[in-house]
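Just so you know, all these numbers are worked out from the coordinates, no wet-lab data involved. Owing to the predicted nature of the structure, the values given are computational and were not obtained by experimental measurement. Neighbour counts are summed over all protein chains in view; Cβ atoms, including those assigned to glycine, are modelled from backbone coordinates with ideal geometry.
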Amino acid sequence: MPMRDTSGTEPDRPRYHPARRLKSFGYALRGIWHAAGHEVNFQIQLAIAGACAAAGLAFGISTLEWAVVALACGALLAAELVNTALEELLDHLAPERSESVGRIKDLAAGSVLTVALAAAVAFALVFAPRVIALLQSQLGA
C-alpha cells in the first residue's frame, strides 16, 4: 500500500484543494472498511447499529428518537475506531509488553465501554417501552 503525503502540501495543489479533501474522505473510508473487515468488536457494534436501525423502522420511532439512536451508534462506532487506532499505534511503537502501554490501552477500552453503556441506556429509553407494549399486546395483558 503506497504511503500518503502527510506533509500538508502537495507540490501541484494548495493545501485545501477540493481534490485533497476528497482524498481525505477516501482515507477515512478505508479505515472504516478495514475495521469492518478485521475488528471483531467493530463488527459487533455495526451489527448492533443495524439492529437498532431495523428496530427503529419496525417501531416507527420519531425524528428525535432517530437522532438519539444515530448519535449513540455514531459515538459508539467512533469510540471503537479511536480505540483501535490507539491500540495499533501502541503496538507499533512499543511491541514489547509494558505496564504503561497496558494502562493506556485499558483507559482507551474503558472509554469505549463508557460510550457503550450510555448507548445502551439510550437504546433502552427508545425501544424498551415499545418492546414492553408489544409483549403485552401479544400476551393479551
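Taking a ≥ b ≥ c as the square roots of the eigenvalues of the alpha carbon gyration tensor, the chain is oblate, as a/c is not under 1.5 and a/b does not beat b/c. Annotation: extensible slack from Ala133 through Trp66 equals 22.2 nm (criterion: 0.36 nm per residue apart, minus Cα-Cα distance). In the chain, helical runs assigned H by DSSP with n ≥ 4 each contribute -39500 (n - 2.57); averaged across all residues and rounded to the nearest 500, the mean residue ellipticity at 222 nm is -29000 deg cm²/dmol. Measuring r between the beta carbons of Val101 and Ala53 and using R0 = 25 Å, the FRET efficiency lands at 0.10.
Of the residues Ile44, Ala133, Val121, the one whose Cα sits farthest towards the positive end of the charge dipole of the chain is Ala133 (charges of +1 on Lys and Arg Cβ, -1 on Asp and Glu Cβ, taken about the Cα centre). For segment 87-141 and segment 14-73, what is the separation of their C-alpha centers, rounded to whole Å? Value for the Cα centre distance between the two parts: 16 Å.
For trypsin sites (Lys or Arg not before Pro), the sites in segment 44-141 that DSSP calls loop and that have at most 10 other Cβ atoms within 10 Å are Arg97.
Each Lys and Arg Cβ is given +1 and each Asp and Glu Cβ -1; about its Cα centre, the chain then shows a dipole of about 440 debye. Here the Gaussian network model covers the chain, with springs between Cα atoms less than 10 Å apart; of Ala49, Ala28, Ala108, Ala28 fluctuates the most. Relative contact order of the chain: 24 percent, from C-alpha pairs under 8 Å at least 6 residues apart in sequence. The long axis of helix 40-59 is offset from the longest Cα principal axis of the chain by roughly 40 degrees.
Against the chain, whose longest principal axis is taken from its Cα atoms, helix 63-93 shows a tilt of about 40°. Compare Gly50, Gly74, Gly26 in a GNM of the chain, Cα atoms joined below 10 Å, and give the one with the largest fluctuation. In the Gaussian network model the winner is Gly26.
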